[in-house]
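Written below as structure tokens is the structure these notes are about.
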Amino acid sequence: MGDYRDKSGSERVDAPEKIDLTNVMLDVYHGVKRLWWLFIGLIIICAVQSYFSVSTSYQSKYVASATVSVTSVGGMDYVNAQSAQQMAEVFPYILTSGVLKDVVAEDMGLDSMPGSIDVKADDGTNLLTISVSGNDPQMAYKTLKSVIKNYPKVAEFVLGETKLTILDETGIPTDIKREEVIRGSYKRGALKGAIIGCVILLLYVLSRRTVKSRKDLKKNINLQDLGSIPYVRTKKRKKETFYNSVSLLNERISMSYLEAIRKLRIRIMKDVEKKEYQTLLVTSSIPGEGKTTLSANLAISIAQQGKKVLLVDCDLRNPSIAGVMNEQEPHPGLGSVLKKEVPLSEAITNVKLPKERTNENGSLHVIFGGAPDGENSLLIGSGRMRALIKALKSKYDIIILDTAPSELLADAPLLGKYVDAALYVIRYDYTKLREIREGVESLALSGIDMLGYVFNGDNSSGGQGYGYGYRRYGNYGSYGSHYGSYGKYGAYGHYGKMEKGSTDKFGRVIKD
């Protein structure tokens, strides 16, 4: 335990985690796979919202324009070109003075000139382009005619007598920009949705920082690597049955999963028999890592090899062994035994194993968790629990105890004082390295022998996988991850967020 503390406590925890670009790209890839529907939804919503916003608020703008030639009365061509350039240059000043507006308004019989005017001269020519913009096409064209008629009169005081001859005009204008503006609103809205989606993806990637390979674990966690369990993709059915479950009792379970459990059993039993251990605690860092399914399948596998095995559901806040074992009948739970409400013999249930795949000396018994009860979990670290474990050792070759997550609650560390060894379950692309470190440290402080970790639901090689569906059997929770809606733990349920070092509503220490 000291070695672990030296490496993970001082060297690892204080050092900032390095950013692995490969993992970042994997996070982006997984993020796009999981959030693609959100991207499409945001793009569609923003595009539609932009369309309605622009189409309802858009005001049509009509531009009537004409190209005229400027002729200086009695002047030469170069004088005409000079007059056109000067007319364009002095136009802003004439317009600012209000003289032209007043003349045009009076000519049109209005109080003020409608719309706006712009004049531009072609360099080196005597051509002048006059444009009038307004909200009414008829009024814009009428205003243009009045400007052409009265502009020379106003400019005469500056440039002398000139004459404007219309060479080309638009006539009564149409709003040719409306379709272009509205079409552009789709693109702007879609771009906005894509940007929002990218921001969400970035936040997703930054918040993930989960472990995606055994290589990462070996570099950061000083525990023995006991192997990995593949991700088995179960078929979704309208009616869930036990034949769609991830259990060694399911005859349709994949061979890759069977082989992975067999290898894990061999490695664990090698250490257990060498050190003459009888009790094995199975836990994880946080809810949802599949430790309960792994506990049950490991117990089944060991029993099939001729060992007398007892599987105990010590997660009394969220008992899930019954769901994994497809046990639909209610049974007295561990809490009832610890409170001496029922005798031990009534709480132990025999599980029938397939004879053709089980050694004749092997047997599997289970103590279920009973109904969820936070008060019963107070007894996990009590002397009664220690006495119960001691009594059970004389009856079974190996006892497997499935406990609550060690990073979240103190159940596993408290129980670790009475148990020989621990198996730590880490789920692929689910748990953060910080959570793993804290959970392992909490458990290691109890003095328990840490056999190592198993990488659960490993999909890093793209092979067949272990499904974490949230399915229900009978009156007992779900199998698979078991914590899809984990409402029994503080930060994950109705008890509210539980601070480290504090106590829950039952007076239990959450975590030191």
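List the pairs whose first member sits in region 261-282 and is more than 26 Å from ALA410 (Cα to Cα), whose second member is polar (S, T, N, Q) and open to solvent by 30 Å² or more (accessible area, probe 1.4 Å), and whose Cβ atoms are under 8 Å apart, counting only residues at least 6 apart or on separate chains? Every condition considered, the pairs that remain are ARG265/GLN305; MET269/GLN305. VAL342 passes every criterion in (1) under 21 Å from VAL282 (Cβ atoms); (2) open to solvent by less than 40 Å² (accessible area, probe 1.4 Å); (3) outside any strand (DSSP E or B) apart from (1). How about region 36-74: which of its residues are small (Gly, Ala, Ser), farther than 30 Å from LEU203 by Cβ and modelled with pLDDT under 85? SER55, SER57, SER60, SER69, SER72, GLY74 - these are the residues of region 36-74 that are small (Gly, Ala, Ser), farther than 30 Å from LEU203 by Cβ and modelled with pLDDT under 85. Restricting ASN350, ASN359 to those that are part of a strand (DSSP E or B) and surrounded by fewer than 24 Cβ atoms within 10 Å (Cβ to Cβ) reduces the list to ASN350. Yes or no: GLU276 open to solvent by less than 10 Å² (accessible area, probe 1.4 Å), assigned to a loop (DSSP other than H, G, I, E, B) and modelled with pLDDT of 90 or more? So GLU276 does not fit the description; no. Of all residues in region 326-339, one or more are open to solvent by 10 Å² or more (accessible area, probe 1.4 Å), closer than 22 Å to ASP397 by Cα and in a helix (DSSP H, G or I). Evaluation of ALA84 against the conditions (1) out of contact with any Leu (no Cβ under 6 Å at 6 or more places or on another chain); (2) at pLDDT below 85; (3) not hydroxyl-bearing (Ser, Thr, Tyr) shows that the sole unmet condition is (1).
Of all the numbered requirements in (1) modelled with pLDDT of 70 or more; (2) of a type in the set (Lys, Arg); (3) buried (at least 17 other Cβ atoms within 10 Å of the Cβ), LYS33 misses one, and that requirement is (3). In the set (1) open to solvent by less than 60 Å² (accessible area, probe 1.4 Å); (2) closer than 30 Å to LEU206 by Cα; (3) modelled with pLDDT of 80 or more; (4) polar (S, T, N, Q), ASN23 fails one condition alone, (3). With the condition kept exactly as written, say whether any residue in region 396-415 is free of Cβ contacts under 8 Å to residues at least 40 places away in the same chain, open to solvent by 20 Å² or more (accessible area, probe 1.4 Å) and more than 20 Å from ASP449 (Cα to Cα). There is no residue in region 396-415 that is free of Cβ contacts under 8 Å to residues at least 40 places away in the same chain, open to solvent by 20 Å² or more (accessible area, probe 1.4 Å) and more than 20 Å from ASP449 (Cα to Cα).
Within region 396-422, the set of residues being modelled with pLDDT of 95 or more and farther than 18 Å from SER295 by Cβ is empty. The set of residues from region 418-434 being closer than 20 Å to ARG214 by Cβ and buried (at least 21 other Cβ atoms within 10 Å of the Cβ) comprises ALA422, LEU423, TYR424, VAL425, ILE426, ARG427, TYR428, TYR430, THR431.
The values are calculated or read from the model by the stated rules, or taken from the named source; none is laboratory data. Everything quoted here is computed from the prediction, not taken from an experiment. Using ideal geometry, Cβ is built from the backbone for each residue, glycine included, and neighbour counts are taken over all protein chains shown. When the accessible area is computed, the model is the full protein with side chains, heavy atoms only, and any ligands, DNA or RNA have been set aside. Shrake-Rupley method; radii C 1.70, N 1.55, O 1.52, S 1.80 Å.
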